[in-house]
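The values are calculated or read from the model by the stated rules, or taken from the named source; none is laboratory data. This is a predicted model, so every value here is computed, not measured. Don't worry about glycine lacking a Cβ; one is built from the backbone with ideal geometry, like all the others, and counts go over all protein chains shown. Protein only, heavy atoms only, side chains kept; ligands, DNA and RNA dropped before computing areas. Shrake-Rupley method; radii C 1.70, N 1.55, O 1.52, S 1.80 Å.
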Amino acid sequence: MWRSCQRLFCARSPQAPRLCPAPPVGGPSLSLPGTARTYTPPTERKRFYQNVSISQGEGGFEINLDHRKLKTPQAKLFTVPSEALAIAVATEWDSQQDTIKSYTMHLTTLCNTALDNPSQRNKEQIIRAAVKFLETDTVCYRVEEPAGLVELQKNEWDPMIEWAEKRYNVEIGSSTSIMGPNIPARTKDTFTSHLASYNMWALQGIEYVITQLKSLILSMGLIDRHIPVEKAVLLSRLEEEFQIQHWGNVEWAHDYDLYELRARTAAGTLFAHLCSESSTVKHKLLQD
Amino acid sequence: MAGLGSPVRTLRSLVRELRYVSAQAGRPYRDTAAYRHLREAFRAHRVTSEKLCRAQHELHFQAATYLCLLRSVRQHLALHQEYHAKGERSTEEAAGLVGLKLPQQPGGKGWDS
């Protein structure tokens, strides 16, 4: 019983339904004959705090919900190294009204993953997973028909590949075959050593962006601040945009996916940038 | 490639997004830590479009990314609430869509308890 009392310090209210798969009261009901068979979405946790604030501890910045300190899903204390990141996470928690929708809190999710590391990956594994995406990079996979899409891919994706080849001094190329482009080993080594220069937290963010955009080249364009998030998402979804222009837009599917992809990509990019910068204070002194 | 636009515009849109967030929390947006942090950062770097400075461009890019994040989350949530959050209709409502009504059987259906 004392252990369950200690859980009050976690960011969970004892009255709210637990997040583990015990069916909540208002949730989807069992299919007994005679009872209602309609699906209602499961009830979410209510917002149990009034104020969100940040404070500085030994490991970094912490988030306080009222007087309780925020914890990760594995019950570790939630600390972030950067103040701007802590403020952004606090804003996410502050923007929840009535119920807590954790699928909208992308920065919190990224911080939790970085702190807990649930899949227990070390730096080399993350880098290897990231560079592996280059073999099936979206901007390298070209179609042969219809002609409009071929033209669009050439005009939009070729400049990105040229920029990446010039910036990193590698060869990438594009391909129309199903096997994909043939990436020389030197290219992979260059990207591996470049990614190794980022710390563990920033790498989690970068790998997240790569997984969302399905492209290493576009993610590097974002990390190097070459293209903004909206443009990267547009390039990643180029074929979908082409089909939308031809067949029409379905708001509850196309726009829904677009905004979700934009939100995740923006969160990953911001996370990677905030975790890898360290010298903003110095700039201020130099300018004066 | 595609430019970021004017920094003033980014700042104004960011303040608008923060106003939406604070409206839900009930507090004025000038009190929020995010607004204060943004104001200090923009003032410290004095983001104007004349000077070409790498730190300014970095700050502007970060601000634009955060703006994209706030905006997309708000729009995604709005779409979710409108299209995907209401659950199923009950059988009565579904029948009412095409103008039918469910039968009333006072003796109960054969298999009901």
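If I filter segment A:110-127 down to residues being part of a helix (DSSP H, G or I) and without any contact (Cβ under 8 Å) to a residue 12 or more places away in the chain, which single residue comes out as surrounded by the fewest Cβ atoms within 10 Å (Cβ to Cβ)?
Applying the first criterion (part of a helix (DSSP H, G or I)) to segment A:110-127 yields A:110-116, A:123-127.
Applying the additional criterion that residues be without any contact (Cβ under 8 Å) to a residue 12 or more places away in the chain yields A:124-125.
On the way: A:E124: 10, A:Q125: 12.
This residue is A:E124.
Looking only at residues in segment B:26-38 that are more than 8 Å from chain A (Cβ to nearest Cβ) and farther than 24 Å from A:E230 by Cα, the one that is modelled with the lowest pLDDT is B:G26.
Do we find that A:L203 is in contact (Cβ under 8 Å) with a residue 40 or more places away in the chain and under 30 Å from A:L274 (Cβ atoms) in this structure? Full working, then the answer.
Details: in contact (Cβ under 8 Å) with a residue 40 or more places away in the chain: yes; under 30 Å from A:L274 (Cβ atoms): yes.
Yes: the conditions hold for A:L203.
Checked against (1) on the phi < 0 side of the Ramachandran plot; (2) within 16 Å of the chain's Cα centre (by Cα), A:K214 meets all criteria but (1). Under 9 Å between Cβ atoms, at least 6 apart or on separate chains: pull out the pairs that start in segment A:65-91 with a residue that is closer than 17 Å to B:A25 by Cβ and end on any residue that is open to solvent by 50 Å² or more (accessible area, probe 1.4 Å) and of a type in the set (D, E, K, R). Pairs that qualify, where the first residue is closer than 17 Å to B:A25 by Cβ and the partner is open to solvent by 50 Å² or more (accessible area, probe 1.4 Å) and of a type in the set (D, E, K, R), are A:I87/B:R36. When you check B:R89 against the structure, is it open to solvent by 30 Å² or more (accessible area, probe 1.4 Å) and part of a helix (DSSP H, G or I), yes or no? Here the answer is no, as B:R89 does not meet what is asked.
I'd like the full set of residues that are within 17 Å of B:L70 (Cβ to Cβ) and surrounded by fewer than 13 Cβ atoms within 10 Å (Cβ to Cβ), limited to segment B:10-29.
Kept after step one, since they are within 17 Å of B:L70 (Cβ to Cβ), are these residues of segment B:10-29: B:10-25, B:27, B:29.
Answer for segment B:10-29, where residues must be within 17 Å of B:L70 (Cβ to Cβ) and surrounded by fewer than 13 Cβ atoms within 10 Å (Cβ to Cβ): just B:R12.
Scanning segment A:179-205 for residues that are open to solvent by less than 20 Å² (accessible area, probe 1.4 Å) and hydroxyl-bearing (S, T, Y) returns a single hit, A:T187. The residues of segment A:91-106 that are polar (S, T, N, Q) and either part of a loop (DSSP other than H, G, I, E, B) or more than 9 Å from every other protein chain (Cβ to nearest Cβ) (or both), listed by number, are A:S95, A:Q96, A:Q97, A:T99, A:S102. Condition test on B:G108, is it without any contact (Cβ under 8 Å) to a residue 24 or more places away in the chain, more than 9 Å from chain A (Cβ to nearest Cβ) and either surrounded by fewer than 10 Cβ atoms within 10 Å (Cβ to Cβ) or under 22 Å from B:R9 (Cβ atoms) (or both)? It is true that B:G108 is without any contact (Cβ under 8 Å) to a residue 24 or more places away in the chain, more than 9 Å from chain A (Cβ to nearest Cβ) and either surrounded by fewer than 10 Cβ atoms within 10 Å (Cβ to Cβ) or under 22 Å from B:R9 (Cβ atoms) (or both).
Answer with yes or no whether B:S6 is out of contact with any Ser or Thr (no Cβ under 9 Å at 6 or more places or on another chain), surrounded by 12 or more Cβ atoms within 10 Å (Cβ to Cβ) and in contact (Cβ under 8 Å) with a residue 12 or more places away in the chain. Reasoning before the result, please.
Values: out of contact with any Ser or Thr (no Cβ under 9 Å at 6 or more places or on another chain): no; surrounded by 12 or more Cβ atoms within 10 Å (Cβ to Cβ): yes; in contact (Cβ under 8 Å) with a residue 12 or more places away in the chain: yes.
For B:S6, the condition - out of contact with any Ser or Thr (no Cβ under 9 Å at 6 or more places or on another chain), surrounded by 12 or more Cβ atoms within 10 Å (Cβ to Cβ) and in contact (Cβ under 8 Å) with a residue 12 or more places away in the chain - is not met.
Taking segment A:172-197 as the range and being over 28 Å from the mean Cα position of the chain (by Cα) and charged (D, E, K, R) as the test, only A:R186 passes. Restricting segment B:50-92 to residues that are more than 20 Å from the chain's Cα centre (by Cα), of a type outside the set (S, T, N, Q) and farther than 25 Å from B:P7 by Cα, the residue that is farthest from the other protein chains (Cβ to nearest Cβ) is B:E92.
Summed over segment A:71-85, the residues that are of a type outside the set (D, E) and either facing chain B (nearest Cβ under 9 Å) or under 22 Å from B:Y66 (Cα atoms) (or both) give a count of 7. When A:A88 is tested against (1) within 11 Å of chain B (Cβ to nearest Cβ); (2) outside any helix (DSSP H, G or I), exactly one condition is not met: (2).
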